[in-house]
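The values are calculated or read from the model by the stated rules, or taken from the named source; none is laboratory data. Being a predicted model, the structure only gives us computed values, none of them experimental. Cβ atoms come from the backbone with ideal geometry, glycine included; neighbour counts cover every protein chain shown.
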Amino acid sequence: MGEKKKKIVKTIKIDVDKCNGCRACELACSAFHAAPKYSSNNPARSRIRVIRDPLKDIYVPVYAGEHAKAECMGRDKYTIDGKEYEECAFCRASCPSRDLFKEPDSGLPLKCDMCESDPALSEPLCVQWCLADALIYEEREEEVEEEVKGEELETGLESLVNKYGLDKIMETVARMSISKKS
Ligand code: SF4
Ligand code: SF4
């Protein structure tokens, strides 16, 4: 069994009932991630987007999550409190089926980083700018099993391949597995 190590789990709780659709979170996030920092604000560059339908009083903040290489085979439709939401409305992925969560100039996928690039931030910027308190930041500590990371193995193998060449490595592994079996 591996050793236990402590991990900080960061969460932003979203209270949809408190969101008034002001979009201050989008502006703050896009300004923070502009180059140079705070030089511009364009919600299309934000890692949080607010699904808005003012006539139906719908405001749902959605955070950019993992990048999906392919679009889903099916679609989901939600009806909440009698209001129908569009297909893909709550999906956090940057995927080929829509422009959401893509950097407008390069098309590269965007993902919320909890503003980790700036350790001076006491809380994520969108949380600080949400004056309606619809975004609530929480941290908790969890103990997890330390495991040999695939990443480390991959880095090690990569450096061996760079040094000796892939054919030589494959040949050696094959020879080793034969001698282990015999
Ligand atoms: S800043 Fe808060 S209230 Fe305004 S749109 Fe974002 S989540 Fe909603
Ligand atoms: S936590 Fe930071 S990176 Fe994530 S959406 Fe909010 S402002 Fe953007």
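Odds and ends about this structure:
- Residue check, Cys29 outside any loop (DSSP other than H, G, I, E, B), in contact (Cβ under 8 Å) with a residue 60 or more places away in the chain and closer than 15 Å to Leu125 by Cβ: yes
- Only one of the listed residues (Asp15, Asp81) is without any contact (Cβ under 8 Å) to a residue 40 or more places away in the chain and either over 16 Å from the mean Cα position of the chain (by Cα) or within 20 Å of Cys130 (Cβ to Cβ) (or both). That residue is Asp81.
- Any hit, region 53-65, residues being within 15 Å of ligand 2 (Cβ to nearest atom), surrounded by 11 or more Cβ atoms within 10 Å (Cβ to Cβ), modelled with pLDDT of 90 or more and in a loop (DSSP other than H, G, I, E, B): yes
- Residue, nearest to Val60 (Cα to Cα), within region 13-36, restricted to residues that are more than 10 Å from ligand 1 (Cβ to nearest atom) and surrounded by 11 or more Cβ atoms within 10 Å (Cβ to Cβ): Ser30
- Top-ranked residue in region 78-95 [being farther than 14 Å from Ala64 by Cα and part of a loop (DSSP other than H, G, I, E, B); ranked as modelled with the highest pLDDT]: Glu87
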